[in-house]
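Data block below; observations after.
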Amino acid sequence: MARLSVVVVSAGRPRALARCLTALSQLRSTRFEVIVVADADGLAVSCTLPMSDRLTLVPQEVENISAARNAGIAVAAGDVVAFIDDDAVPEPDWAEALLRGFDRPEVGAVTGPVLGRNGISLQWGRMVVDRQGRDRWLEAQASPVHGEVLKLHGTNMAVRRTCLTLTGGFDTGFKFYLDETDLALRLAAAGAQTRYLPAARVHHGFAASARRRADRVPLSLHDIGASSALFLRKHAPDAQETALDLLIADQRARLLRMARARRIGPAEMRSLMESLAAGIAEGRDRRSDVPTCPLAEPHAFVPLNIELPPEMIRRDGWLHRARMLRDQAAVDVAAGRPSALILLEPTPRKHRVEFTEGGWWEQRGGLFGPSDRAGARVQFWCYRSRVAAEWAGFFAA
């Protein structure tokens with residue numbers, strides 16, 4: 001029976017990492033191990049968690065996501081290696097959904113939906129990417145055209161271990177950005193198929209980092225420029241200059257939208273465009289390095305869960321009772337019982353779903369508001385039927 005190694009890379013976000021690891025511990029599977037490749041703060045917080053003795057901890061030597069992922073692969077003992085970001089959390093069936101995706105030998109990699117900050121809207125779905133690194137959404141029954149491959153979402157993807165060994169893992173020239181796209185193209189060239197799994201869902205928070213603010217305004221575009229220049233040298237050298245001109249135009253348009261919304265000023269925009277140009281200049285000469293992906297060190301596979309977690313405890317109530325319900329959820333989580341809350345208010349407020357830092361799932365919104373963003377802006381429900389409908393759809397793909 002196939003086993004899964006989950007690699008989490010973390011730098012500068014110990015609280016987000018703790019939340020991610022707590023969610024992983026609630027996965028309904030006993031067939032996965034967790035490898036944390038992190039800076040000192042991330043390793044320290046990992047050691048404080050209840051599951052710390054069942055984590056494999058690897059120091060992050062340099063801030064390079066490809067090198068960090070390769071370090072995780074090097075100690076992975078599973079047949080499949082999955083990757084999730086520290087500012088993301090998986091839904092409870094994620095591990096088993098990923099493993100089911102490898103039911104055919106020709107499948108070398110899988111990816112799945114990534115939900116945005118509201119926990120409902122699709123941030124990234126079934127998409128394709130071409131050799132210039134440009135992506136587009138793909139309709140459910142459509143197929144990629146010539147030169148395109150299914151896009152791997154770096155915060156929700158898994159690759160067969162033998163395919164990683166064959167292709168050499170991640171190119172460490174991609175310190176950040178386009179690392180998984182480079183891998184997707186190399187996997188396709190090696191004959192491996194990539195599969196999109198609607199049931200393997202991850203919630204992505206887009207936490208602040210050294211490269212962006214909490215509101216997603218970039219602090220630097222250097223890595224985007226450098227990785228783009230390297231990517232084009234590798235995969236589309238004949239179109240490099242045209243593609244780089246398009247990248248510059250796209251980023252300028254993106255920053256102009258932020259400026260019009262008064263999220264950045266002229267000086268910030270100028271500085272960001274300068275960082276993009278500097279990155280492109282560096283990327284023109286940056287070395288591409290795909291190391292031979294080593295076999296796992298001889299160590300026992302240590303599943304994060306020895307037994308399946310108990311069934312999730314579900315509670316609901318009006319928002320004014322939130323404190324009491326959250327206290328009950330905290331007690332559940334401390335006792336190892338996954339918990340979820342639905343909190344309603346008598347308004348048409350839109351719904352949100354999140355996995356809290358306390359370790360439980362929580363959906364909040366108005367009794368008359370939409371949980372599906374495609375639904376009517378104002379809806380008419382009675383309390384009991386609304387709660388029943390939301391529980392029926394909880395974690396539904």
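Structural remarks
- Point-to-point label distance, Gln328-Glu311, nm (Cα→Cβ direction, 7 Å offset): 1.7
- Debye-sum result for the stretch 169-290 in log10 I(q)/I(0), which assumes one identical scatterer on each alpha carbon, at q = 0.17 Å⁻¹: -0.98
- Debye log10 I(q)/I(0) for the chain, one point scatterer per Cα, at q = 0.11, 0.15 Å⁻¹: -0.85, -1.47
- Here the 3J(HN,Hα) profile of the stretch 162-179, calculated from phi with Karplus coefficients 6.51, -1.76 and 1.60 at θ = phi - 60°, is 5, 5, 5, 5, 5, 8, x, x, 8, 6, 6, x, 8, 5, 6, 5, 6, 4 Hz, Gly and Pro shown as x.
- 11 Å beta-carbon shell around Pro14, net charge (K/R +1, D/E -1): 0
- Against the rule of thumb 2.2 N^0.38 Å, how large the Cα Rg of the stretch 5-85 comes out: 0.98
- The stretch 107-249 shape via C-alpha gyration tensor axes, a/c threshold 1.5: rounded
- Zone of Arg321's modelled label, taken as backbone nitrogen in the stretch 358-383 under 13 Å from a point 7 Å along Cα→Cβ: 383
- Packing, as the average of other Cβ atoms within 10 Å across residues, places the peptides 250-263, 3-16, 350-363 in the order 3-16, 350-363, 250-263, highest first.
- Computed FRET value (nearest 0.05) for Thr165 with Ala281, which takes r as the C-beta separation and R₀ as 41 Å: 0.75
- The alpha carbon gyration tensor of the stretch 145-195 gives principal lengths a ≥ b ≥ c with a/c below 1.5, which makes the shape rounded.
- Cross-link partners of Lys175 among aspartates and glutamates (Cα-Cα below 13 Å; sequence separation of 8 or more within a chain): Glu61, Glu63, Asp223, Glu282, Asp289
- Our coupling estimate for the stretch 331-343, obtained by passing each phi through the Karplus curve with A = 6.51, B = -1.76, C = 1.60 and θ = phi - 60°, is 5, 4, 4, 4, 8, x, 10, x, 9, 9, 10, 10, 10 Hz, Gly and Pro reported as x.
- For the chain, the share of DSSP beta bridges that are antiparallel, to the nearest 5, is 40%.
- Amide H within-cut-off set for Arg126, under 5 Å, with H built and near neighbours excluded: Leu138
- For Phe395 and Glu139, a Förster radius of 25 Å and the Cβ-Cβ distance give a FRET efficiency of 0.55, rounded to the nearest 0.05.
- Highest-first arrangement of 61-68, 201-208, 220-227, where packing means the average Cβ count within 10 Å: 220-227, 201-208, 61-68
- Net lengthening on full extension, Ala44/Val217 (0.36 nm per residue, minus Cα-Cα): 59.4 nm
- Considering only Cα atoms, the convex hull volume of the stretch 122-166 works out to 110 Å³ per residue.
- Shape class of the stretch 240-397 from the alpha-carbon gyration tensor: oblate, with a/c at 1.5 or above and b/c at least as large as a/b.
- Average accessible surface area per residue within the stretch 162-270, 1.4 Å rolling probe, Å²: 44
- Fraction in percent of alpha-carbon pairs per bin - 5 Å, the stretch 311-396: 3, 15, 27, 25, 17, 9, 4, 1
- With all protein chains in place and a 1.4 Å probe, the accessible surface of the chain carries 54 percent carbon and sulfur.
- Helix 266-283 and the longest principal axis of the C-alpha atoms of the chain enclose an angle of approximately 50°.
- Efficiency of FRET from Cβ geometry, Arg260 and Ser52, R₀ 41 Å, rounded to 0.05: 0.30
The values are calculated or read from the model by the stated rules, or taken from the named source; none is laboratory data. Keep in mind that what you see is a predicted model, and the values were worked out from it rather than measured. Every residue, glycine as well, gets a Cβ built from its backbone with ideal geometry; the counts of neighbours run over all protein chains shown. Accessible surface areas use protein heavy atoms only, side chains included; no ligands, DNA or RNA. Shrake-Rupley method; radii C 1.70, N 1.55, O 1.52, S 1.80 Å.
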